[in-house]
Amino acid sequence: MKTPLFTGSGVAIVTPFNHETVDLEALRHLLDFQLENGTDAIIVCGTTGEAATMSYAERMRTIECCVEHVNGRVPVIAGTGSNSTETARAQSRDAARAGVDGVLVVTPYYNKASQEGLVRHYNAVADASPVPVIVYDVPSRTGVAIAPETYARLAQHPNINGVKEAAGNPSTLQRTRNLCPEDFFIWSGNDDETAAMCMLGGKGVISVVANVFPAAMHRLTALCLSGDFTAAGRLQLELKELCDAMFCEVNPIPVKTALNLMGYHAGQLRLPLCEPSEGNLDRIRRTLEQYGLLPQA
C-alpha cells in the first residue's frame, strides 16, 4: 500500500522576485510564515510560483532553498511538469537530487495529448523519478483533462501517488474515486472545493489561499480529516469570499498582490502577468481587511 505524500493543507507557495532574480531571503520569510501557521506541506515552483517564467537554474536554486530551509519539518514537493516528457523526466530527477519528497507534474499543455498519450507520459516520468509523483489535472490552463479511466490506469504505477484535481467536476471526481484503489490519493486543487473533495475521500488541498491565511486552511483540512464535516462546511463557507478574491484575476496575480499588502515581500509579477486592475486591487484590499489580514496601523 502506498502512503500519501502529505495530508492536510499544502501551500502552492509564491516565488518572490526582486527585479530579475529570485529573492531567496524573502522566500525564507514566507516559508517561516507557513510553518508557524500549521501548513502541512510546501509545493514550490508550481503555477502559483510562476515556474513557467523561471530559468532552469532559478527553479533548481529555489527548490534547493526550500528544501534547505524547511529541513524536513514538512514535505517539500516541487513542480516539475512540462509539455516535453523528457524535460519533465529531467526536472523530476534534478528536483529529487535537491532533496524534495515528491514532484507535482502537470498535464502536458498545448500538445493536447490523447488519454493514451497521458498514460505513456506519466508512466515515463514516474519511471524516471526517484520520488513519488503527484499528477496535476487543471484543464482550464492546459487544454486537456484526465479521464477517470485514465486515473485507474495511472493508479497501477507504484510511483504515482495520486492527483491534484482542479477540474472542478464533482461527478468526474466520484467516478475517479470509484474506479481507483484507496491508495490513489486525491488532493483538491481548488480552495473552495476542499471540504467537498475531502468528504469524497480527498486527503487535503494544494492551496493558493494558504499563502495569505495558512492557519485557516490548515484548520479546514484538519476538520475534514477528523470527520467533522459540519464544522468544516461552516468554515468553508466563511472562507468563500477570500477564495473568490484570490481568484478575481488569474492566479497568482491576486495572492501575490495580497501578500505585498500584508507586508510580506512577494515581489513583482513576471510578464506576461502584471498587476491587477484598480477595481480588483480595491477588492483584494477590502477582502483582506474583512478577514483581519492587513497589518494594524
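The values are calculated or read from the model by the stated rules, or taken from the named source; none is laboratory data. Note that the structure is predicted; figures quoted are calculated from it, not measured. Using ideal geometry, Cβ is built from the backbone for each residue, glycine included, and neighbour counts are taken over all protein chains shown. The area values use the complete protein model at the heavy-atom level, side chains included, leaving out ligands, DNA and RNA. Shrake-Rupley method; radii C 1.70, N 1.55, O 1.52, S 1.80 Å.
Accessible area, 1.4 Å probe, largest first: how do Ser55, Ser188, Ser140 sort?
Result of the area sort, largest leading: Ser140, Ser55, Ser188.
Where does the charge balance sit around Ala245 when Lys and Arg score +1, Asp and Glu -1, over other residues with C-beta under 14 Å from its C-beta? Please list the in-between numbers first.
Numbers: positive: Lys240, Lys256, Arg283, Arg285, Arg286; negative: Asp191, Asp192, Glu238, Glu241, Asp244, Glu249, Asp282, Glu289.
Taking every other residue near Ala245 into account, the sum is -3.
Can you tell me the length gained on complete extension of the stretch Cys274 to Leu179, counting 0.36 nm per residue apart and subtracting the Cα distance? Before the final figure, lay out the partial values.
On the way: separation 95, 0.36 × 95 = 34.20 nm, distance 4.13 nm.
This chain segment gains 30.1 nm when fully extended.
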Check your understanding: Any idea how far the Cα center of segment 143-166 sits from the one of segment 32-69, in Å?
Key -> 24
Point to revise | Fluctuation leader among Gln268, Gln34, Gln174 - the chain, Gaussian network, Cα springs under 10 angstrom | key: Gln174
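Just tell me the longest site-free run in the chain, where the sites are GluC sites (Glu not before Pro) in a DSSP loop having at most 10 other beta-carbon atoms within 10 Å. Write down the numbers at each step before the final one.
Details: sites that count: Glu20, Glu182.
Between exposed loop sites, the widest span is 21-181.
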Revision key, fill the gap. Partnerless cysteines (no other Cys beta carbon under 4.7 Å) identified across the chain are Cys45, Cys65, Cys66, Cys180, Cys243, Cys248, Cys274
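Looking at the chain, what % of its DSSP beta bridges pair antiparallel, to the nearest 5?
On the way: 2 of 30 bridges.
Looking only at bridges with both residues in the chain, the antiparallel portion is about 5 percent.
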Revision key, fill the gap. Counting only DSSP beta bridges with both partners in segment 1-140, the antiparallel fraction in percent, to the nearest 5, comes to 15
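Exactly which chymotrypsin sites (Phe, Trp or Tyr not before Pro) in segment 1-110 are in a DSSP loop and have at most 14 other Cβ atoms within 10 Å? Don't jump to the answer; show the numbers that get you there.
On the way: sites: Phe6, Phe17, Phe33, Tyr56, Tyr109, Tyr110; in loops: Phe6, Tyr109, Tyr110.
Loop-located and lightly packed - Tyr110.
Find the accessible area per residue for the chain; the probe is 1.4 Å, ligands and nucleic acids are left out, and the unit is Å². Let's see the in-between values first.
Values: 12270 Å² over 297 residues.
Each residue of the chain exposes 41 Å² on average to a 1.4 Å probe.
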**Study point:** Cβ-defined net charge surrounding Leu220, 15 Å radius [Lys, Arg +1; Asp, Glu -1]
**Key:** -3
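How would you rank 196-202, 212-218, highest first, on the average number of other Cβ atoms within 10 Å across their residues?
Values: 196-202: 19.3, 212-218: 23.4.
Most protected by this proxy first, the peptides run 212-218, 196-202.
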Review point. Once Lys and Arg get +1 and Asp and Glu get -1 on their Cβ, which of Val138, Ala124, Thr176 lies farthest toward the positive end of the dipole of segment 118-195?
Key: Ala124
Check your understanding: Considering only Cα-Cα distances, which of the following residue pairs are longer than 24 Å: Lys164/Lys256; Lys2/Lys240; Lys112/Lys240; Lys203/Lys240?
Key -> Lys2/Lys240; Lys112/Lys240
Check your understanding: In the chain, carbon and sulfur make up what percent of the accessible area (probe 1.4 Å)?
Key -> 51
Review point. Taking square-rooted eigenvalues a ≥ b ≥ c of the alpha carbon gyration tensor, is segment 1-111 rounded, prolate or oblate, where a/c under 1.5 means rounded and, failing that, a/b exceeding b/c means prolate?
Key: oblate
